[in-house]
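Quick notes on the structure that follows.
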Amino acid sequence: MMNELLVNVTPSETRVALVVSGILSEIYIERSSNSSMVGNVYRGKVSRVLPGMQAAFVEIGHEKAAFLHASDIVPHTECVNPHEKEHFKACDISTLVRQGQDILVQVVKDPISTKGARLTTDITLPSRYLVFMPDSAHVGVSQKIESDDERNRLKSIVSKFVDKDVGGFIVRTAAEGISEKEIEQDAQLLKRMWLNIKKSYKEAKAGTILHEDLSIAFRLLRDFVGNDIDKIRVDSRLAFKELVKYSNEFVPEMVGKIEHYSGDTPLFDLYDVENEIQRALDRRVQLKSGGSLVIDQTEAMTTIDVNTGAFVGHRNLEDTIFNTNVEAAAAIARQLRLRNLGGIIIIDFIDMADATHRERVMQALLTELAKDRAKTTVSDFSELGLVEMTRKRTRESLGHLLCCECPECRGRGAVKSVSSVCYEILRDILRVNHAYKAEKFIVYASTDVAEALQLDEQHALAELEVFMGKTVEVRAEHMYRREKYDVVMA
């Protein structure tokens, strides 16, 4: 299985695609106008405390105030002893922060839709092999490191660099087999970074950014270490040089995997990434068997409906349903990663009478979700045959990032039919006729509505004119959307 990172750079935008065995698995897009804030550290000012919600709004220098819940407030507040971090439990928000207070915060979720960024006071600073936790004496080791001997070795090494007055560490998966010297370099780098943040906090004004996480290409290079990336292809010579320079200093084992792509065919076209992105914006996803998924994303949740479609199977209906659901489970897990869908997700698999089949479909779903770097929680089939799950959401979905509200339907997902608009216009003419005195009415409407009034609804329009004893003139306006019209008295 070949894992490749493709880096496509254009002015003001960088896109990074994770391609697994030639198939697009994940896509990351960062623009100068909406670059990710996750990981950034700010000196914020509490603008409002909401005891009823156990939360506070914090100004961090952006248009929307950020959101801070009581459960996300730990050591860096005056009322909590930093050395009691492990035993800290959220108490009333009013005892933790007050309006007008300056506070050290870190972004854990980007602003999504109408919601501001989500904050925490539990600062963490990641590096190549470690994650630094200020004001903690704790040492943790990634659960993905299975060898007990290796876990004990790493814990013993990292414990040497822990200072309860500065902070502790979590050992990342990438540290497996790494020498003590390299781990020490990471630990010292993170300590210096934290001390610089503390120093900047004392000198900075409220709403000032104190630490900014790496840009997307560097961040993914750092985070994907140890994830069996075979090749990193970059279509920008400048970005290629910067990545090589960063790798030489921080991730030397990745240097040989980075290459500059200078072919005539655009990099994303070479791997069919552009077409995959377009398909990821569609509501319907076709399965190879002939079945399909219908994905609807709303403000509250995402629903996924599985259909058999043209797949008729080879044996009986139950086997057909089972095979479609198994294929759908793998496709759903991929679509969640590709579209970056988060929050509550409801999956409506095709009903299965066989309990064994339900168990196997659930296992197939869990197996595929295990490949997801985002945290997921899945419940078993409900009494209604639905699978409920959640996926951690830290940034906008692909659809919200690339698309905006449709000016025609204004986000409804549908527009009124031509005949509905025609009858609405006829009612409006009657309403205006009752309210005002006029000799004639002129209707300005979209081309298709105007044609319908003059042809399909000609009889209804004529009856209205006889009823009122007044004439109605219809004029087509090419710039009008279907639902827009004006009734003018003449």
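The values are calculated or read from the model by the stated rules, or taken from the named source; none is laboratory data. This one's a predicted model, so the numbers in the text were calculated from it and none came from an experiment. Here the Cβ positions follow ideal geometry from the backbone for every residue, glycine too, while neighbour counts run over all protein chains shown. For accessibility, only protein heavy atoms count, side chains too; no ligands or nucleic acids. Shrake-Rupley method; radii C 1.70, N 1.55, O 1.52, S 1.80 Å.
The residues of the stretch 239-272 that are among the β-branched types (Val, Ile, Thr), over 19 Å from Ala175 (Cβ atoms) and surrounded by 14 or more Cβ atoms within 10 Å (Cβ to Cβ), listed by number, are Val244, Ile258. Restricted to strands (runs of 3 or more DSSP E) entirely inside the stretch 101-140, those with at least 3 residues that are under 23 Å from the mean Cα position of the chain (by Cα) and either within 18 Å of Met193 (Cβ to Cβ) or among the basic types (Lys, Arg) (or both) are 102-109.
When each of Leu398, Leu336, Leu369 is tested for being in contact with a Gly (Cβ under 9 Å, 6 or more places away or on another chain), under 30 Å from Met37 (Cα atoms) and at pLDDT 90 or above, the lone residue that passes is Leu336. Please tell me if Val80 is at pLDDT below 90, open to solvent by 20 Å² or more (accessible area, probe 1.4 Å) and either under 22 Å from Gly342 (Cβ atoms) or assigned to a loop (DSSP other than H, G, I, E, B) (or both). Here the answer is no, as Val80 does not meet what is asked.
Every test in (1) more than 23 Å from Glu483 (Cβ to Cβ); (2) touching a helix residue (DSSP H, G or I) at 6+ places or on another chain (Cβ under 9 Å); (3) in a strand (DSSP E or B) is passed by Thr390 save one, and that test is (2).
Taking every residue in the stretch 250-271 that is over 22 Å from Phe218 (Cβ atoms) and pairing it with any residue that is of a type in the set (Asp, Glu), at least 6 positions away or on another chain, the pairs with Cβ-Cβ distances below 9 Å are Gly263/Asp235; Pro266/Asp235; Pro266/Glu274. The set of residues in the stretch 396-420 that are in a helix (DSSP H, G or I) and either basic (Lys, Arg) or under 17 Å from Ala462 (Cα atoms) (or both) contains only Ser419.
Scanning the stretch 92-142 for residues that are of a type in the set (S, T, N, Q), at pLDDT 90 or above and either touching a Gly at 6+ places or on another chain (Cβ under 9 Å) or within 20 Å of Leu210 (Cβ to Cβ) (or both) yields a count of 5. Flag: Ile170 does not match the condition of being part of a helix (DSSP H, G or I), touching a residue at least 12 places away in the same chain (Cβ under 8 Å) and among the aliphatic types (A, V, I, L, M). The set of residues from the stretch 340-366 being surrounded by 21 or more Cβ atoms within 10 Å (Cβ to Cβ) and assigned to a helix (DSSP H, G or I) comprises Val361, Leu365. Consider the stretch 7-34 and keep the residues that are of a type in the set (S, T, N, Q), part of a loop (DSSP other than H, G, I, E, B) and on the phi < 0 side of the Ramachandran plot. The one that is most open to solvent (accessible area, probe 1.4 Å) is Ser33.
With respect to the stated conditions, Ser397 fails to be under 20 Å from Asp305 (Cβ atoms), surrounded by fewer than 14 Cβ atoms within 10 Å (Cβ to Cβ), in contact with a strand residue (DSSP E or B) (Cβ under 8 Å, 6 or more places away or on another chain) and hydroxyl-bearing (Ser, Thr, Tyr).
Here is the figure for the stretch 470-490: residues that are outside any loop (DSSP other than H, G, I, E, B) and either open to solvent by less than 80 Å² (accessible area, probe 1.4 Å) or without any contact (Cβ under 8 Å) to a residue 40 or more places away in the chain (or both) total 10. The number of residues in the stretch 253-280 being more than 30 Å from His400 (Cα to Cα) and either of a type in the set (D, E, K, R) or in a helix (DSSP H, G or I) (or both) comes to 7.
Surrounded by fewer than 17 Cβ atoms within 10 Å (Cβ to Cβ), closer than 30 Å to Val306 by Cα and not charged (D, E, K, R): does that describe Leu281? When the stated conditions are applied, Leu281 passes them. Conditions: (1) at pLDDT 90 or above; (2) closer than 20 Å to Glu4 by Cβ; (3) part of a helix (DSSP H, G or I). Asn325 meets all but one. Number of the miss? Every condition holds for Asn325 apart from (2). Of the residues making up the stretch 425-454, those that are assigned to a helix (DSSP H, G or I) and either touching a residue at least 40 places away in the same chain (Cβ under 8 Å) or of a type in the set (S, T, N, Q) (or both) are Ile425, Asp428, Ile429, Val432, Asn433, Thr447, Gln454. Glu299 - would you say it is surrounded by fewer than 18 Cβ atoms within 10 Å (Cβ to Cβ), under 30 Å from Glu388 (Cβ atoms) and acidic (Asp, Glu)? Answer is yes for this residue. Under the condition of being surrounded by 15 or more Cβ atoms within 10 Å (Cβ to Cβ) and either without any contact (Cβ under 8 Å) to a residue 12 or more places away in the chain or of a type in the set (Asp, Glu) (or both), the residues counted in the stretch 108-150 number 4. Based on this model, can you work out whether Ile178 counts as farther than 25 Å from Ser36 by Cα and in contact (Cβ under 8 Å) with a residue 12 or more places away in the chain? Answer is yes for this residue. Annotation: Gly411 fulfils all but one of (1) surrounded by fewer than 15 Cβ atoms within 10 Å (Cβ to Cβ); (2) at pLDDT below 95; (3) at negative phi; (4) under 43 Å from the mean Cα position of the chain (by Cα); the unmet one is (3). If you filter the stretch 173-184 down to residues that are in a helix (DSSP H, G or I) and closer than 24 Å to Gln143 by Cβ, you find that the one that is modelled with the lowest pLDDT is Ala174. Ile60 - would you say it is within 28 Å of Leu220 (Cβ to Cβ), open to solvent by 50 Å² or more (accessible area, probe 1.4 Å) and modelled with pLDDT of 90 or more? When the stated conditions are applied, Ile60 does not pass them.
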